[in-house]
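Notes follow once the structure below has been shown.
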Amino acid sequence: MLSFIFNKIHFLHYRYFDIKSFYYKKLLLSCGYSFKLWGNCYIKNPNKIIIGNNVSINDNCYLNGLGEIQIGNNVSLSANSMLISTGLNIDTFKIKKEHINKKITIGNNVQVGAGAIILSGVTVNDNVIIGAGSVVIKDIESNCIVVGNPARVLRKI
Ligand SMILES: CC(C)(COP(=O)(O)OP(=O)(O)OC[C@H]1O[C@@H](n2cnc3c(N)ncnc32)[C@H](O)[C@@H]1OP(=O)(O)O)[C@@H](O)C(=O)NCCC(=O)NCCS
């Protein structure tokens with residue numbers, strides 16, 4: 001009996017994520033079909049973010065679109081990954097909170113591994129897997145797996 005009730009609650013919990021996906025779809029600059037958003041994600045400045053078709057954003061992801069973010073089709077952001085299109089100006093951060101914003105572009109067929117971080121100004125081209133925990137600080141060519149901090153090509157695919 002208890003497991004029946006818990007299963008019902010669990011089912012409702014998934015419906016909550018559908019509502020959250022719908023809510024963000026309305027806030028994003030544009031968003032394609034089959035958009036899925038799971039768990040406790042947070043999207044800052046969604047009005048500067050473009051998302052393609054069949055994109056899923058998993059638990060605890062953080063996206064900051066201040067410098068703009070563009071995500072292609074068939075992209076998965078695994079749990080705890082982050083796309084941060086802004087940063088404090090390192091020359092002036094002691095006196096004022098001036099931000100430097102640069103666009104992040106993610107191509108088609110990209111998997112961003114769990115806990116990976118993609119920083120401002122980076123372009124990730126098509127057909128790329130970014131290993132768990134990687135920190136991507138510069139552009140990634142297409143058709144490859146990258147790993148590490150800073151992320152480097154592990155092999156072509
Ligand atoms: C990147 C990845 C796809 C590589 O898988 P793989 O090709 O099977 O790689 P291997 O396990 O054979 O490792 C190859 C080398 O890369 C290194 N490596 C693999 N993944 C790494 C990672 N995430 N960070 C740093 N180094 C990594 C290994 O240490 C190994 O190095 P070595 O040759 O010096 O020993 C995989 O490790 C990964 O990170 N997948 C993402 C998983 C994830 O986030 N899942 C959640 C969503 S489903």
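Quick notes on this one:
- Residues that are not aliphatic (A, V, I, L, M) and not in a loop (DSSP other than H, G, I, E, B) were ranked within segment 110-141; the one that is surrounded by the most Cβ atoms within 10 Å (Cβ to Cβ) is Q111.
- One residue alone among I90, I50, I95 is away from the ligand (no atom under 12 Å from the Cβ), within 19 Å of S34 (Cα to Cα) and of a type in the set (A, V, I, L, M, F, W, C), and that residue is I50.
Conditions (1) touching a Pro at 6+ places or on another chain (Cβ under 9 Å); (2) at pLDDT below 90; (3) farther than 25 Å from N109 by Cβ, marked per residue:
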position	(1), (2), (3)
S21	no, yes, no
Y24	yes, no, no
L27	yes, no, yes
W38	no, no, no
I43	no, no, no
P46	no, no, no
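- Members of segment 50-65 found to be assigned to a loop (DSSP other than H, G, I, E, B) and either β-branched (V, I, T) or surrounded by 20 or more Cβ atoms within 10 Å (Cβ to Cβ) (or both), listed by number: G52, C61, G65
- Taking the criterion of being in contact with a strand residue (DSSP E or B) (Cβ under 6 Å, 6 or more places away or on another chain) and closer than 22 Å to G39 by Cβ, the residues of segment 67-77 that qualify are I69, I71, V75, S76, L77.
- Residue match in segment 32-45 (condition: farther than 14 Å from L77 by Cβ, under 12 Å from the mean Cα position of the chain (by Cα) and of a type outside the set (D, E)): yes
- Scanning segment 121-145 for residues that are farther than 14 Å from I104 by Cα and within 16 Å of the chain's Cα centre (by Cα) turns up N127, V128, I129, I130, G131, A132, G133, S134.
- Any hit, segment 142-156, residues being of a type in the set (D, E, K, R) and in a loop (DSSP other than H, G, I, E, B): no
- Positions within segment 33-49 being buried (at least 17 other Cβ atoms within 10 Å of the Cβ) and over 14 Å from D18 (Cβ atoms), in sequence order: I43, N45, P46, K48, I49
- Of the residues making up segment 98-141, those that are away from the ligand (no atom under 11 Å from the Cβ), out of contact with any Gly (no Cβ under 7 Å at 6 or more places or on another chain) and of a type in the set (S, T, N, Q) are T105, N109, T123, N127.
- Residues in segment 91-114 that are among the hydrophobic types (A, V, I, L, M, F, W, C) and closer than 26 Å to V147 by Cβ: I104, I106, V110, V112, A114.
- Any hit, segment 143-155, residues being touching a Ser or Thr at 6+ places or on another chain (Cβ under 8 Å) and either more than 12 Å from the ligand (Cβ to nearest atom) or in contact (Cβ under 8 Å) with a residue 40 or more places away in the chain (or both): no
The values are calculated or read from the model by the stated rules, or taken from the named source; none is laboratory data. This is a predicted model, so every value here is computed, not measured. Quick reminder, even Gly has a Cβ in these numbers, built from the backbone with ideal geometry, and neighbours come from all protein chains shown.
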